[in-house]
Structures are given as C-alpha cells and as structure tokens.
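No value in this document is a laboratory result; all are computed from the given coordinates. Note that the structure is a prediction, hence the values are computed from the model and not measured. Methodologically, a virtual Cβ is constructed for each residue, glycine included, from the backbone with ideal geometry; neighbour enumeration extends over all protein chains shown.
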Amino acid sequence: MALVPEPDAHLSVRLACALDGAQTFSIARAHRDIDGLSARDDGGPLAASVSPETANQTSTVRLGRPARGRLELSFRVRASSDPRGPLAELVVAEDRARGLLRSCTPVPSRPHDTPREISLVVDGSRIAAEGALTTLGVGRTRTRTTTFEALAYGMFVAGSLGTATFRDAGDRDEVAWLGYTAFDPRPAAAEIAQVRTALRETWKGGGAEGHALAFVSSARPEGHVALLELPGATLVHLGPSEPWGFALRTRIALALQRPWLGGRLAVRSDDGADGTWFDEGLARFTAVRLLSRLGLVAPRDVATWLGGLYAAHALSPLKDRRHTELLAARASSPDARAELATRGALHAFAVYGAYRRAHPGKTFDDELRPLVTAAIDGKKARFVTETEWQALLGRALGRETRFDVVALGKEPPVPDDALGPCFRKSAGAVFRERLGFDLDATLDAPDRRLVGLEPGGAAFMGGAREGDVLVEASRAGETYRLVLESAGTTRTSTVRPNRQAARATTFVREPKVPDTACGELL
C-alpha cells in the first residue's frame, strides 16, 4: 500500500495473489471512502464494484465473475490528514501515517481466505517515511503466514520512526516511536519487553509470539493518553509532555496483560453481560502488582494509586449503587464504568492480601493460573461466572464477604499493615476534579465535538456549549485552556474544574523505614 498525503490524502492499495474462485471481499470502511477500483486476473480485466454493508461502515467488493488464478485488485481509501485524529482513524499527513489494517484490507469470503504467506508492503516514499511498523513487525516489508482476516486485525505506523527490537526464546517484542516524547523511548521499550517476559513466566506460557507497540505523539494534554489494544499490537497516542511515569506504565502493562486476564480468562456476570470489574479493575491491580514486583514503580507510587482507588470510590456519585444498577447504566455513564473498575481493583487488593496472609509464601495467582492454563491449552477463552468466582473465593479463603465491594459497594476490610512495614492505613480528605465534559472521549471522537457536556458544570459555566468542536486543549496549573469552534467561529475558554471533597482511606509513609525494607507490597 502506498501512502499519499494532501491535498488528496489516501492509501493506494494493491492486492496481488492466487485467489482462484474468490468473488467477494469485505473491507471495514464506508463505501464512500473507497474509489479507483480495478481488477484483473489470469483471464484478463475484471469488472468490479463496491457497495455498502451493515450500517454503511463496511463495504463489499464484488467481482464480475469468480477469479481465475492470480488476482490483482487495486483501489484507493480516503484518509484524514489530521495527525491528532482518533487512533481508529486512518491518517496520512505530510510526515506520518497510521491506521488500522481493517480499513484497507480486502478480506476474501470463506472458504477462500486460507492461511498463506502474505507480504505486507508499506510504501511511504511520498511522505518521506524513513520506516514503518506493522503488527507483523518493524520494516517496510514484512512477511508472515496468516489469513487476510487475521491481518485485518492489525495496525501500521509510518514516518521518521525510532525502533527497538528484543528477542527472547523465539518471542519478539518490537517498539517504535513517532514524534517527540518527553522520555527516552529506548529504556521504555526494554521495560515493555521485560514485562512481557514476566507475564509469560507468571502464567506459564500463552500470549502472542510477537508484539508490536507504537508510541505516536501529537498535540494532547498531559495525562490524557489514548491506547488502542489489538491482537499482537498496541497503539499509544500521547502528548509530547507525557512522562514515562506510573500512569502510563500501568496503562501499557494492563494492555500487555490482556491476552491472559480479560482475554484467555474472563469473569462475567451470571448472564454473561459484563466483566468490567474484572477486565479493568482486578486486571489493573495485577498489572500494578507485576510492575511493583519487577521494581519498575516506586512503593510510594503504589500506595498513592491505592489511595486513589479509595478516593475514587468515596467521591463517586454511584458509590452506593448495587452492581446490577451499575451494569444497567454502564453503556451511557462514564461514572458507572469507572465505579465498576474501581470496585474490581479494591476487591483484588483485599483478596490478594487475605490470600497472602492465609497462605504464606503463595499468592492468589496460584489460584488463577490453572484457569489461565486450561484456557491456553484449550486455545479458547475461559469465561467464569460471578457465582463460580465467589465459589473459588470460598474454597481459597473460607467464608468471605470480600465480593461485597463489587456487588454492593461496601469497602472490604483491610488491616492497618496491608502494605507492609513502609505504610500504615489512615484516613484523610480526598478531592476530585470535574471538568464538566469527557475530555478523553472528546479527543478521540472523529468530529471532536464535546462529549458528555454537563449543564451547569465547569466547562459549561466557562462558555462551552453542546455541539462545540474542541480545537485544542491544554492545562497550566489548576486551569484548562480550551479552544472551541462553533458555526465557523473560534473562541478560547479558560476553565477551572470543580472540586468535590470527601474522606477516604489513605496510606501514610513511615518515614524511618527505607524503600529497601518495604518487601512485596501487593
């Protein structure tokens, strides 16, 4: 595929391979974004047409007759030229390009999409791209035996890339970075490879043989990172001032862990509807625990994060809602999704601590590992219901009520020395900021219109209105600077987030105990 920048930003795609008998192909792109379609095979030129499929977000390419022998199929896919666009968007700018392969990969209908050796070529000469990273690895041309359907789940990044590759016992970890970052990506890449190795050791196998991760930098406020998880790949969209700190490390570790927890092993409500508390809560706790065990995050940061969980729960407007009520609201309420994840992490903190005290020398990973191993050996996801999960807790810990934090929002009891000798449990005032709209969702919206604007909230009182487009957002001290556009007019708004206060559990550092004596916190 060739990358063509403005004024007509697009991808020029050419498929050439033996596809005898194939006649229809599916592309996860609206048909209005596809043009220049042409086809030929061993029998000569072929008629070809493109039409919309479901909801106009997927298109069908149909040949005038079944292909004979080697098929050559060419077309163009329209792209955005704005590098700030959402990660799911196809972007071809003057000096960079990125996108999901599903938006430009023609997937033959079954049974014609069989495993074959596929070479993926990224031609970035028109945008002076010095390198490329795809799910298949670093390099403008990469080859792997796979199917077109599997390839379509991947991604690509092209431009003036820096890259790092790590190999360990047949596994391959490749990291690329595009644009300026506040941290040196090379040691970060080494940490990422270390985390992947530790995950395979923890769960005794599993995970993809290779993983590609790309840092893509453009104008985003610090603390507002977008992360897209794909099979065998992760895209991280961050601002140039974003530090390589606890929050970013945790987000990436959670994504790297997904093939095991939330992937091979998942806990769902008894009706199979949702597992946010497990996928985003308990799994986030185990990701932090792994980083702590590897020495990649400081004990003080771990304690601050745990205190933040208690603060988030205490300040949540939904803290007293039952689990079933949160499930009913999760689709439309960011507060419900956040509360589900917070409860899951608090549940994990209580369970892992209780297990360590009841079974010295062991961890709750020992209870999860057989479930993960069975899923890996069976080569399919293992779904455990919440009833089965509570039965597992009963067998491992006896009669327990620790699931009450998930089901009812009741904080689980933890001892004063739950974090060992370096910290003691306490209580104090905690605060929460509300900007008055969902900044992360707005930054990742295709049209960047304000998402979740709260009437009477901080942004609204600062002049933001429903339908406004966010041109730029930045933070200086306690205020946000928002550049908004409406009806062709641009204006600047300065917004100070509202603050809510409550009392919650905190963890206080014991000043006379050095970090080296903290031991295993979680």
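Things to note:
- Placed amide H near GLU222: partners under 5 Å, 5+ positions off or other chain: ARG475
- Shape call, the range 236-297: gyration tensor on alpha carbons, a/c limit 1.5: prolate
- Percent of beta bridges antiparallel (DSSP, the chain, rounded to nearest 5): 80
- Our note on the geometry: Cα centres of the range 175-211 and the range 271-328, 23 Å apart.
- Secondary-structure-derived ellipticity at 222 nm for the chain, considering helices only, amounts to -7500 deg cm²/dmol, per-run term -39500 (n - 2.57) for DSSP H runs with n ≥ 4.
- Annotation: cysteines of the chain without a disulfide-compatible partner (Cβ-Cβ under 4.7 angstrom) are CYS17, CYS104.
- Distance between modelled label sites at ALA328 and GLU94, nm, 7 Å Cα→Cβ extension: 5.4
- A cut-off under 14 angstrom between Cβ atoms defines the neighbours of ARG186, and their net charge, with Lys, Arg +1 and Asp, Glu -1, is -4.
- Sites ARG432 and THR58 - FRET efficiency at Förster radius 35 Å, r taken between beta-carbons, to 0.05: 0.30
- Only Cα pairs under 8 Å and 6+ residues apart enter the sum, and on that basis the relative contact order of the range 382-522 stands at 27 percent.
- If the segment from THR145 to ALA190 were pulled out straight at 0.36 nm per residue, it would be longer than the present Cα-Cα gap by 13.5 nm.
- Listed by Cβ neighbour count within 10 Å, with the fewest neighbours leading, GLU191, GLU6, GLU209 appear as GLU209, GLU6, GLU191.
- Rg and Dmax [Cα atoms of the range 143-260; Å; Rg one decimal, Dmax integer]: 14.0, 40
- The range 221-355: C-alpha gyration tensor shape, a/c 1.5 cut-off, then a/b vs b/c: rounded
- In the chain, Cα pairs under 8 Å separated by at least six residues give a relative contact order of 11 percent.
- Straight-line cross-link partners of LYS319 among the aspartates and glutamates, defined as a Cα under 16 Å from its Cα and at least 8 positions apart when in the same chain: ASP335, GLU339, ASP404, GLU411.
- Estimated inter-spin distance, LEU37 and VAL508, nm [label 7 Å along Cα→Cβ]: 7.0
- The charge dipole of the range 436-496, taken about the Cα centre with unit charges on the Cβ atoms of Lys, Arg (+1) and Asp, Glu (-1), comes to about 240 debye, rounded to the nearest 20.
- Counting only alpha carbon atoms, the long axis of helix 246-257 and the longest principal axis of the chain meet at about 60°.
- Centre separation in Å (Cα based) which lies between the range 451-522 and the range 385-409: 35
- Computed from backbone phi with θ = phi - 60° and the Karplus coefficients 6.51, -1.76 and 1.60, the 3J(HN,Hα) list for the range 384-389 is 10, 6, 5, 5, 5, 4 Hz; x is used for glycine and proline.
- Structural descriptor for the range 104-170: relative contact order 38 percent, calculated from alpha carbon pairs under 8 angstrom and at least 6 residues apart.
- Charge context of HIS224, other residues only, Cβ under 14 angstrom, K/R +1, D/E -1: -1
- Tilt relative to the chain, helix 283-293 - C-alpha long axis, 0 to 90 degrees, to 10: 70
- Each principal axis of the Cα cloud of the range 436-496 was evaluated for its coordinate range; sorted largest first, these ranges are 28, 21, 20 Å.
- Length gained when the stretch ARG369-SER51 is fully extended (0.36 nm per residue, less Cα-Cα span): 109.8 nm
- Degrees separating the helix 334-358 axis from the principal Cα axis of the chain, which is the longest one: 60
- Full extension of the chain segment joining LYS379 with ARG116 gains 92.6 nm, where the gain is 0.36 nm per residue of separation less the Cα-Cα distance.
- Shape call, the chain: gyration tensor on alpha carbons, a/c limit 1.5: prolate
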